[in-house]
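Structure first, then comments.
The numbers here are math on the coordinates, done by the rules we state, and not lab data. The structure displayed is predicted, hence computed values, not measured ones. Neighbour counts run over all protein chains shown; Cβ positions are idealised from the backbone, glycine included.
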Amino acid sequence: MTQVDLSTSYPDLARLEEPIHLYHQIQPHGVVFVLDEPDLNIVQVSTNAQQILGLQIDKILDANLEDIFDSFQLERIKAGIQDDNFDFLNPSKVWARVKGDEYVVFDGIFHRNSQGVLILELEPAISYENIPFLSFYHLAKTSINKLEETSTLNDFCQVIVQEIRKMTDFDRVMLYRFDEDNHGDVIAEDKLDELESYLGLRFPETDIPKPARQLLSSNWIRLIPDAKASSVQLIPAINPIIEQPIDFTHSILRSASPCHLEYLHNMNVGSSLTISLIKNQKLWGIIACHHQTPKYVSYELRKACEFLGRVVFSEISSREETEDYDYRMRLSYIQSLLIDYMSQDDNFINGLVRHNPNLLSVTSSQGAAICIGGNYTLVGRTPEEEDLNYLIQWLQNNIDDEIFYTDSLAQIYPDAIKYKDIASGLLAIPISKRNYVLWFRPEVIQTVNWGGDPNKAFLTTNNNGNLRLCPRKSFELWKETVRLTSLPWKQVEVNAALELRKAIVNIVLRQADELAQLAQDLERSNAELKKFAYVASHDLQEPLNQVANYVQLLEMRYQGELDEDAKEFINFAVEGVSLMQTLIDDVLAYSKVDMQGVEYQLTNAETALLRALANLRGRVAETGAKITHDPLPTILADSTQLMQLFQNLIGNAIKFRSEQPPEISISAQRLEDVWLFAIRDNGIGIDPQFSERIFVIFQRLHTRDEYPGTGMGLAICKKILECHRGRVWVESELGQGATFYFTIPIGGRERDRRRGRQAQNYLVGGGQ
């Protein structure tokens, strides 16, 4: 067992990375032509063309493809090139005349590189015909059926390597997955019994350096049929048209780097086939096929392996996400509870720490700290406040991201070694420049099984004194004890912390806005109280005076005897009392919109509408009104007030009808963060100049003889919608009917706001 030394570091790989995509050398089993378009003249050729094709190099250069291949073959090729349809072309069976009437059949693969240069690569064809689709289909179908029968991700990966090995007959097939540090773990393997197993071993980043990983990301499949074969050069080495080396990133014949060939030799590998596994445009892993002796795999079979690799990896991605699903759902549930707690408590900090689950549950941590304005709230096991002060200062000076996390804090912040048992792992989210939420994880001593010692010499000195990357010669099991490291933070935990950060910031901003809104509401309520006092002392007194006057007349003129006049006076008195009562009821209804205890809950708008129509059924039947509605959403609102809103607006549409029977339609649609409702009618309409006035308390456009009422209905509607943080307006023309619109926010009105609590927290209180 070996303890990792913090002073040990890997070589500076950036200084040693070879431009392997610019190698002007190819593997010798095929021929490369670099072509000049549109005439398809050959401007570069591999030196083995003479051996394989029997043609002199100087006769090939500046020759045309028609000079080498029969012209009838080139018509289809030229059409595909013109359309940039290389999927249609590849592979193309081409016959090359080598001696007299002798022909050799090749698989021709065309591609255009990043420099815009057209390249033709020829490989000896195993058959004269392309593999038909059905054969290709059956080749993959059996493997896919077996994969579908597996239950776990590990079993799935094991079946993959077994099926790939059956298809290709390699001595060893491994599934190799990269971690965040670009080290690779062998998670599945199928091999000859006599070969040493690599299953469960980790291979260091230097085994597949960055340039190689970039090429693997660009090429789904890579074949080296003979690792000991000598490379073949291009003539000329510099392309005469672009005057620079050719980019061979997507070349199937590109020669392997000497370092990689040495690596294969050290592993006793005579040939290899690599299938890349790409997730979200990033190299997730590879399927590595190794053979002890040279082995050629046809282009068609390689494409079948590539197809299977793509299908397989889509399933791997799906299964990885499935395995994380339950944990993600649990964290989502915890997150929603914490947001609920933060909204209900007097400050968000109490909501995070005083309940179960609490802040620790978001990331499965053993300790957490909330730092607001230099004040700390601690949960679980945490460093001392003095140490936290220095840590936060370091975060402020070095971290600008909206989230920071590491499972080895001491390696980047050496002062953390003193509390490694508490905080070897750190996840931090800034709420503002000086305010943070921190989570901590303790040191977990781990044993890593390496395929060879990763700290052995990666560097060697060549004859001219330059450094180059040199692969190790031993791949025997080497165990390393890793210290100063916690369990890694899962991506789902990082995402949960980010979502919590957004919620905290939104709640803090909302609470600050809420305080300002409370002040505005108070000012508006005071103004309305003044208006109410004025109305009560004037308009509401008038019917009371009528009652008093007429009762006095009855008493003075008809002492004990009632005639027709007396009856009329009594009717007047009754009407006055009725009007007074109506006014009082409407005023009370208006005032209760703000004063009564309102319960905001998920309310089906369609149910509220039907309740309103039930209350109006007498008037609907009397007028023959036809009322229709679209499907209505479920919203966060007070169900009683929503019913009252519908009842008032539909009642108005019935009251102010034209000579035709009322036709009323109700609809709703979502617009960003609000629901927009519309109530359309075919009534008498409204002059646009009065579109604002009709929502003012006691405002009427008609006499009571024309249309009875108090002028309070629309004012009540406006009040209800103000309480819901919505608004109401009308669009109409005289004689053209009217459409009343109103909005209700998607999230409804905040519960804390309804309770009228004073929102407080340290941030709002000056902890910035």
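Fully extended, how many nm does the chain gain between Asn389 and Asp181 (0.36 nm per residue separation, minus their Cα-Cα distance)?
Between Asn389 and Asp181, full extension yields an extra 71.9 nm.
Which ³J(HN,Hα) values, rounded to whole Hz and listed in residue order, are derived for segment 723-740 from phi using the Karplus coefficients 6.51, -1.76 and 1.60 in 6.51 cos²θ - 1.76 cosθ + 1.60 with θ = phi - 60°, glycine and proline given as x?
5, 8, 6, x, 8, 9, 8, 10, 10, 6, 9, 4, x, 10, x, 9, 10, 8
Going down the list Lys166/Lys303; Lys626/Lys718; Lys166/Lys282; Lys279/Lys502; Lys191/Lys295, which pairs span over 22 Å between their C-alpha atoms?
Working: Lys166/Lys303 15 Å; Lys626/Lys718 25 Å; Lys166/Lys282 28 Å; Lys279/Lys502 27 Å; Lys191/Lys295 16 Å.
Violating the 22 Å limit, Cα to Cα: Lys626/Lys718; Lys166/Lys282; Lys279/Lys502.
Going by amide H atoms built from the backbone, whose H comes under 5 Å of the H on Asn41, apart from near neighbours?
Asp36
Mind listing the long-range amide H neighbours of Leu487? Cut-off is under 5 Å, sequence gap 5 or more, other chains count too, H placed in the peptide plane at 1.01 Å from N.
Placed amide hydrogens put Val444 under 5 Å from Leu487.
Express the C-alpha Rg of segment 601-748 as a ratio against the empirical globular expectation 2.2 N^0.38 Å, rounded to two decimals.
0.99
Whole Å is fine, so just give me how far the alpha carbon centre of segment 267-303 lies from that of segment 236-257.
With segment 267-303 and segment 236-257 each reduced to a Cα centre, they are spaced 22 Å.
What's the extension gain from Gln281 to Gln660 if we count 0.36 nm per residue and subtract their Cα-Cα distance?
129.9 nm
For each of Val94, Val505, count neighbouring Cβ atoms within 10 Å of the residue's Cβ, then give the residues from fewest to most.
Val505, Val94
Based only on the alpha carbon positions, what is the Kirkwood hydrodynamic radius of segment 21-124, in angstrom? Numbers along the way, then the final one.
On the way: mean 1/r = 0.0720 Å⁻¹.
Value: 13.9 Å, from the Cα pair sum.
Tell me, in nm to one decimal, what length is gained between Asp421 and Asp630 on full extension, where the rule is 0.36 nm per residue of separation less the Cα-Cα distance?
69.0 nm
Using a cut-off of 13 Å between beta-carbons, work out the net charge of the residues near Arg76 (Lys and Arg +1, Asp and Glu -1, Arg76 not included). Each step should come with its number before you reach the end.
Numbers: positive: Lys78, Lys93; negative: Asp70, Glu75, Asp83.
Result for the neighbourhood of Arg76: -1.
Taking the Cα centre of segment 601-748 as the origin, how large is its charge dipole in debye, to the nearest 20, when only Lys and Arg (+1) and Asp and Glu (-1) carry charge on their Cβ atoms?
With Lys and Arg at +1 and Asp and Glu at -1, about 380 debye.
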